[in-house]
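Here is the structure we will look at, set down as structure tokens.
The values are calculated or read from the model by the stated rules, or taken from the named source; none is laboratory data. Given the structure is predicted, the values throughout are model-derived calculations rather than measurements. Cβ atoms come from the backbone with ideal geometry, glycine included; neighbour counts cover every protein chain shown. Quick note on the areas: whole protein, heavy atoms, side chains included, nothing else; ligands and nucleic acids left out. Shrake-Rupley method; radii C 1.70, N 1.55, O 1.52, S 1.80 Å.
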Amino acid sequence: MLGGLVVFAFWWFSKDFENPVEDESATLLAIPSSAALIFECSDLADVWRDLSGESAVWNELLATEYFFRLNSMGENLDSLIRNDSKLRGLISSKPIAISAHLTGGEEYGFLFAMQLDIDAAAGDVSGALGSTFRIKEEQSRTYDGEQVFSFESPFFDSRLFYFIKDGMLVFSLSEVLIEESIRTLVNGGSVLDKKDFLMVRNTIDRSARGHL
């Protein structure tokens, strides 16, 4: 029931908030083919403000603890992005893909792949993330030739993992999904390799701000 409401909320908002966007699929190269659901947009900050501020369905979802917490975190991050010119410059009006994956049992994990400014340096991105999420402690390790960072933040109940590759920032609360995303970028096997997915994606309304 709740899953159906989420799908309906995204459909309704992408139907109502129209804004021509370019077709940017590079972020999908980081999304493994195991994705159960994918949401794409060209400016996550604008989409968040539309969804949380004008969607009646979203307001109904706030009655649940999960979406109430998600909304609170979104409001805090939106405020930080507005006030942090460095972070805003890095991610403003950049394509992003958000995917949901079954990670075990009935639990789902989420993967975020966002294009960065073409001149963005890894150090600048890490610094912006550190100030935005109030990082307490950061660790790094190498996986399949790529450097994976992780940190604790008061915004999350667990560590957040991320890596930067080919002009993309990819992050998740699931270490397993981060590793799967790296393998996908290195060895292939993204959703763009699935013909059925491409057939569906080619039917999107390109005047809509977001696509599910």
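Laid out as a table, the results:
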{"quantity": "Hits in the range 156-212 - residues which are hydroxyl-bearing (S, T, Y) and either surrounded by 17 or more Cβ atoms within 10 Å (Cβ to Cβ) or part of a helix (DSSP H, G or I) (or both)", "calculated": "Y162, S172, S174, S181, T184, S190"}
{"quantity": "Count of residues meeting criterion [part of a strand (DSSP E or B), polar (S, T, N, Q) and surrounded by fewer than 15 Cβ atoms within 10 Å (Cβ to Cβ)] in the range 130-155", "calculated": "4"}
{"quantity": "Of all residues in the range 23-44 being outside any loop (DSSP other than H, G, I, E, B) and open to solvent by less than 30 Å² (accessible area, probe 1.4 Å), the one that is farthest from A97 (Cα to Cα)", "calculated": "P32"}
{"quantity": "Subset of the range 53-71 that is open to solvent by less than 30 Å² (accessible area, probe 1.4 Å) and at pLDDT 75 or above - its residue that is nearest to R209 (Cα to Cα)", "calculated": "S55"}
{"quantity": "One residue from L169, L177 being under 20 Å from the mean Cα position of the chain (by Cα) and closer than 19 Å to A122 by Cβ", "calculated": "L169"}
{"quantity": "The lone exception for S126 - which of (1) of a type in the set (S, T, N, Q); (2) open to solvent by less than 70 Å² (accessible area, probe 1.4 Å); (3) in contact with a Phe, Trp or Tyr (Cβ under 9 Å, 6 or more places away or on another chain); (4) not in a helix (DSSP H, G or I) it fails", "calculated": "(4)"}
{"quantity": "Tally, over the range 10-39, of residues that are closer than 16 Å to L212 by Cβ, in contact with a helix residue (DSSP H, G or I) (Cβ under 7 Å, 6 or more places away or on another chain) and at pLDDT 50 or above", "calculated": "6"}
{"quantity": "Cβ-Cβ under 7 Å pairs, at least 6 apart or on other chains, the range 135-159 side at positive phi, far side open to solvent by 70 Å² or more (accessible area, probe 1.4 Å)", "calculated": "D144/R183"}
{"quantity": "Subset of the range 172-196 [without any contact (Cβ under 8 Å) to a residue 60 or more places away in the chain and either among the polar types (S, T, N, Q) or within 26 Å of D46 (Cα to Cα) (or both)]", "calculated": "N187"}
